[in-house]
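In what follows, a structure is listed as structure tokens, so that the remarks can point back to it.
The values are calculated or read from the model by the stated rules, or taken from the named source; none is laboratory data. Keep in mind it's a predicted model, so treat the numbers as computed, not measured. Please note: Cβ atoms are built from the backbone with ideal geometry, for glycine as well, and neighbour counts cover all protein chains shown. Ligands, DNA and RNA are excluded from the accessible area calculation, which covers all protein heavy atoms including side chains. Shrake-Rupley method; radii C 1.70, N 1.55, O 1.52, S 1.80 Å.
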Amino acid sequence: MSYSANFKDRMGRVCIYAIVIMLALICLLPLWNIVAISFSSSEAVSANAVGLVPVHFTTAAYTRIIDDAQFWRSFGISILRVALSLALNMILIILMAYPLSKSKREFKGRNIYMNIMIFAMLFSGGMIPSYLLIKNLDMLNTIWALVLPGAVPIFSVILVMNFFSAVPKALEEAAFIDGANPLQVLFKVYVPVSIPALATVALFSIVGTWNDFFSGLIYMTKISNYPLMTYIQSLNVNIADLLQAGTNSSELSSLTEISNKNLNAAKIVVAVIPLLLIYPLLQKYFVTGIVVGSVKE
Amino acid sequence: MKQRLYKTNGRIRSGTMYHMMMIPGILFLLVFSYVPMVGVITAFQDYIPAKGMFGSEFVGLKHFVYMFKLPDIAQVVSNTLVIALGKILIGTIMAIIFSVLLNEIRMKTIKKSVQTIVYLPHFLSWVVLASVVVNMFSLDGIVNQILTFFGLQHINFLGSNTWFQPLIIGTDVWKEFGYSSIVYLAAITSIDPGLYEAAGMDGASWWRKVWHITLPGMLPIILLMGVMSLTNILSAGFDQIYNLYNPVVYESGDILDTYVYRIGLVGRQYSFGTAVGLFKSVIGIVLLLSANQLAKKYTDRKIF
């Protein structure tokens, strides 16, 4: 009797392990397939022979990327964009989250600022007014069009604000008694104890700006100014769209010439590497960050 | 004496300091969020770029009337709702099931590796994942190879108006289920273990424990997340659809955002595009405010 219950229990457990591992594989294998394709010969790829192991292993696609000037130009634009956005985002998040973490009594005017932020989160002018603004500011085709509109990530400010308000008051009082001003208190007391929250929002900033292709698509009219994701996206886009966007024909021919499957796969792999490098570093933080940020009692 | 002086100084100055800390961020918001809000008045004009917002002629609700008369718009709104609702429903169910199952995994190394893997797709751009999806679902892709292996018909997933919406919903669930399971996992860990012990004493099976303890324990979070996701009901995911669709599936794949982009920006019908965008924003804000009220009323939590 107890044996059979035990057996059933164990079978159930094996099933659960099997399902969970299968779900993980379903997430991983399609991604791995792209890696395998990038290391396979283009004949094998067009014959659809590549599964999880490269067929006719070759690094030819990667050596061709080395010579692709536009790829590296776009890569550089993306790196610059992420660096500028990250610096700007973190400074603004920290500066705004601290006063907002004070009560209405400690910081008169807090609720006005809060309402300005929440309304901006709720309502937006939309795609076309934003485009016209960037155009009128003469920022089309500049890195600022990719950096400045996202300067204040409101969700992240609120997340860090919640984290700051949970920091024990005594720490702050002690620093004030030692003669520190609010700016010193913020950077010497609050920032060091809030590393998990700050790492989480830094991850959001990096991932968001690295992955965004749409700002590049609407704010950059020349392919030479595309950030990396917009460039990769343009490899798949149909030619008519590009013609309509006013791309010149020499840029077009260079795009179509290089668009083949294993080369594109290699470009995708290289484009994902920067994210994979920071992912393990920040993974331990974002789980706490998300739980803190998503639920407000 | 000296200490007291500093303390008062700190107090007196902190108010001004706080305002100074807020100013840079608020300025960015005013320029890049609030100026475009003023820009919505182009929706009530026949906007001509050369004349600018102040020189263009006001035409009242012309573009809105035009929008509601278009045969496309009903289709676009219905596509948006179907795709968004499908993603919310199936995505939530998958995330809940996955978190319940993952919670049963006792071997630390397996649990950790599974988590690392399932969170990963969330962090990749749809630009990258679109190639993965196209690769798998194209006519000669692996999914069709499996279908033919079982003697079934080839399906042109990316070029069929029947299959495009399920494809969009399914691949979004695939990308996000792991990541959205994070909050549900946290909810499960906060359930009192004593309840499980008591149920175990009473001889409850695993399934009964899940049904009578785990799921009820997660209910507040499930409700809260569900209510919050309602606010996204008019954003069915621009990036994903833009990267996967083509003219053949406009009929089933066009959502409000892609429609605004194609008609308004690419087609340079700025005023019309702004009108459609404004329509979307207004419905969105109404939904969000109602969602916040619902959340306050039924879950004792609120979004903001």
## Note on the structure
Across B:I96, B:I222, B:I283, the residue with the highest GNM fluctuation in chain B (Cα network, 10 Å cutoff) is B:I283
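Set the Förster radius R0 to 41 Å, insert the Cβ-Cβ distance between B:I155 and A:I195 as r into 1/(1 + (r/R0)^6), and round the FRET efficiency to 0.05.
Working: r = 49 Å, r/R0 = 1.20.
In this case the efficiency is close to 0.25.
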#### Entry: Of the DSSP H helices in chain B, those whose Cα atoms cover at least 18 Å axially and whose Kyte score averages 1.0 or more
B:71-103, B:215-230
## Note on the structure
One computes Rg over Rh for the stretch A:43-147 from alpha-carbon atoms, with the Kirkwood Rh, and obtains 1.23
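Placing unit charges on C-beta atoms (Lys and Arg positive, Asp and Glu negative, everything else neutral), compute the dipole magnitude of the protein assembly as shown about its Cα centre in debye, rounded to 20. Intermediate values should be presented prior to the final figure.
Details: 42 positive and 29 negative charges, 419 e Å.
Computed about the Cα centre, the dipole is about 2020 debye.
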### Message
Using Cα springs under 10 Å in a Gaussian network model of chain B, which residue among B:I213, B:I88, B:I26 shows the largest mean-square fluctuation?
### Response
B:I26
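Run through every distinct alpha carbon pair of chain A and return the Kirkwood hydrodynamic radius in angstroms, one decimal place. Walk me through the intermediate numbers first.
Details: mean 1/r = 0.0435 Å⁻¹.
Its Kirkwood hydrodynamic radius stands at 23.0 Å.
With a 1.4 Å probe, how much accessible area is buried between chains A and B, both sides summed, in Å² to the nearest hundred? Intermediate results must be reported in sequence, preceding the final value.
Details: alone 17790 and 19120 Å², together 28610 Å².
The contact between B and A buries close to 8300 Å².
What FRET efficiency would be calculated for the residue pair B:L27, B:Y66, taking the C-beta separation as r and a Förster radius of 25 Å, to the nearest 0.05?
Using R0 = 25 Å, I get an efficiency of 0.10.
For chain A, with only Lys/Arg (+1) and Asp/Glu (-1) charged at the beta-carbon, what is the dipole magnitude about the Cα centre, in debye rounded to 20?
Details: 19 positive and 14 negative charges, 158 e Å.
Once rounded to the nearest 20, the dipole reads 760 debye.
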### Message
Taking amide H atoms as placed 1.01 Å from N in the peptide plane, list the residues 5 or more away in sequence, or in a different chain, whose amide H sits under 5 Å from that of B:V59.
### Response
B:Q45, B:D46
### Task
Sticking to Cα atoms, compute the Rg of the stretch B:97-176 to one decimal and its Dmax as the biggest Cα-Cα distance, whole number, in Å.
15.7, 44
### Query
Dipole of the stretch B:129-238 (Lys/Arg Cβ +1, Asp/Glu Cβ -1, origin at the Cα centre): which of B:L152, B:W207, B:G178 lies farthest to the positive side?
B:L152
### Task
Specify which residue in the list A:V53, B:P24, A:S103 is farthest towards the positive end of the charge dipole of the protein assembly as shown, using unit charges on the beta carbon of Lys, Arg (+1) and Asp, Glu (-1), about the Cα centre.
A:S103
#### Entry: Only Lys, Arg (+1) and Asp, Glu (-1) charged, at Cβ; the stretch B:154-304 dipole about Cα centre in debye
360
### Message
Based on C-alpha coordinates, I'd like the Rg and Dmax of chain B, in Å.
### Response
25.3, 90
## Note on the structure
Both in Å, the radius of gyration and Dmax of the C-alpha trace of the protein assembly as shown are 26.2, 90
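Name the chymotrypsin sites (Phe, Trp or Tyr not before Pro) in the stretch B:69-156 that are in a loop by DSSP and that have at most 10 other C-beta atoms within 10 Å, would you?
Taking the stretch B:69-156 and a limit of 10 other Cβ atoms within 10 Å, the loop chymotrypsin sites (Phe, Trp or Tyr not before Pro) found are B:F150.
Computed over the Cα atoms of the stretch A:70-206, what is the convex hull's projected area averaged over all directions, in nm²?
Answer in nm², one decimal: 10.2.
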### Message
Could you compute how much accessible surface A:R73 exposes when probed at 1.4 Å, giving the result in Å² to the nearest 10?
### Response
120
### Message
Would you report the distance distribution of C-alpha pairs in the stretch B:210-267 as whole percents per 5 angstrom bin, up to the bin with the largest distance?
### Response
4, 16, 18, 15, 9, 9, 9, 9, 6, 3, 1, 0
## Note on the structure
Along the dipole axis of the stretch B:40-149 (charges at Cβ: +1 for Lys and Arg, -1 for Asp and Glu; origin at the Cα centre), the most positive-end residue among B:S131, B:M94, B:A84 is B:M94
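If you roll a 1.4 Å probe over chain A with all protein chains in place, what percent of the accessible area is carbon or sulfur?
Numbers: 9220 of 13660 Å².
The C+S portion of the solvent-accessible surface of chain A is 67 percent.
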